[in-house]
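Below you'll find the structure I mean.
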Amino acid sequence: MTTATPLSDEQRRALVIAAQAARAQAYVPYSEYPVGAALLTASGQVFTGCNIEIASFGATCCGERTAAFKAVSEGERDFRAVAVVTSNAAAPCGICRQVLYEFGPDMTVILAGDDGAIAWEGSLADLLPLGFGPKKLAEGQRAAQT
């Protein structure tokens with residue numbers, strides 16, 4: 001187990017509530033599986049996102065990535081925690097794990113059901129062991145130059 005960013009009960013509760021509210025905005029006419037996410041940055045800002053399905057399925061965006069892209073587009077690059085709310089407290093998909101890892105490999109991930117009950121909490125590194133991020137890329141570039 002990897003150590004995750006510590007959160008207060010108040011932060012944890014606020015993130016789950018924000019993710020529940022984001023989930024209500026999901027556009028899911030095909031799967032009917034709404035996802036809400038709330039992302040806490042190092043500056044203390046919270047960015048929310050929901051999944052947005054498009055008829056051309058490849059253009060669909062998950063809630064976690066929507067929140068991450070909103071944060072990055074506002075200049076935030078240091079993620080501390082994310083709460084994800086689904087009907088069955090599902091974990092982020094692989095693509096979302098990779099995007100989140102880019103900006104917060106030690107971030108806390110909270111998985112909650114639609115009632116807000118937390119089913120799992122832990123480090124993103126536990127969900128994406130041996131993750132590939134900026135540090136590994138830099139190491140590979142240095143090794144290639146020697």
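The values are calculated or read from the model by the stated rules, or taken from the named source; none is laboratory data. Keep in mind that this is a model prediction, so the values were computed, not measured. Here the Cβ is made from the backbone with ideal geometry for all residues, glycine too, and neighbour counts use every protein chain on show.
Kindly evaluate A68 against the criterion of being of a type in the set (A, V, I, L, M) and at pLDDT 95 or above.
yes
How many residues does the range 96-146 hold that are small (G, A, S) and in a strand (DSSP E or B)?
The total comes to 4.
Take the residues of the range 59-88 that are within 17 Å of L124 (Cα to Cα) and acidic (D, E): which is surrounded by the fewest Cβ atoms within 10 Å (Cβ to Cβ)?
Only one residue fits best here, namely D78.
Moving on to the next point. Kindly indicate which of L100, L137, L111 is modelled with pLDDT under 95 and not small (G, A, S).
L137
Next up: Go through the range 89-116 and count every residue that is on the phi > 0 side of the Ramachandran plot and loosely packed, with under 15 Cβ neighbours inside 10 Å.
So the answer is 1.
Across the range 22-47, what is the total count of residues that are hydroxyl-bearing (S, T, Y) and closer than 20 Å to D9 by Cβ?
1
Shifting gears a bit: Say whether the condition of being touching a Leu at 6+ places or on another chain (Cβ under 9 Å), farther than 20 Å from G113 by Cα and part of a helix (DSSP H, G or I) is met by at least one residue in the range 69-87.
The answer is yes, given that some residue of the range 69-87 is touching a Leu at 6+ places or on another chain (Cβ under 9 Å), farther than 20 Å from G113 by Cα and part of a helix (DSSP H, G or I).
Further, regarding this structure: In the range 28-61, how many are under 15 Å from I17 (Cβ atoms) and aliphatic (A, V, I, L, M)?
Adding up the residues that qualify gives 5.
Could you please find all residues in the range 1-45 being among the hydrophobic types (A, V, I, L, M, F, W, C) and either part of a loop (DSSP other than H, G, I, E, B) or surrounded by fewer than 21 Cβ atoms within 10 Å (Cβ to Cβ) (or both)?
Answer for the range 1-45, where residues must be among the hydrophobic types (A, V, I, L, M, F, W, C) and either part of a loop (DSSP other than H, G, I, E, B) or surrounded by fewer than 21 Cβ atoms within 10 Å (Cβ to Cβ) (or both): M1, A4, L7, A14, I17, A21, A24, A26, V28, V35, A42.
Kindly provide the set of residues from the range 58-90 that are touching a residue at least 60 places away in the same chain (Cβ under 8 Å) and small (G, A, S), ordered by number.
Listed by number, the residues that qualify are A81, A83.
Of the residues T48, T108, which single one is touching a strand residue (DSSP E or B) at 6+ places or on another chain (Cβ under 6 Å), polar (S, T, N, Q), touching a residue at least 24 places away in the same chain (Cβ under 8 Å) and within 23 Å of P129 (Cβ to Cβ)?
The unique qualifying residue is T108.
If you don't mind, another one. Just one of L100, L111 is within 12 Å of L40 (Cα to Cα), under 12 Å from the mean Cα position of the chain (by Cα) and of a type outside the set (V, I, T); which is it?
Among L100, L111, only L100 is within 12 Å of L40 (Cα to Cα), under 12 Å from the mean Cα position of the chain (by Cα) and of a type outside the set (V, I, T).
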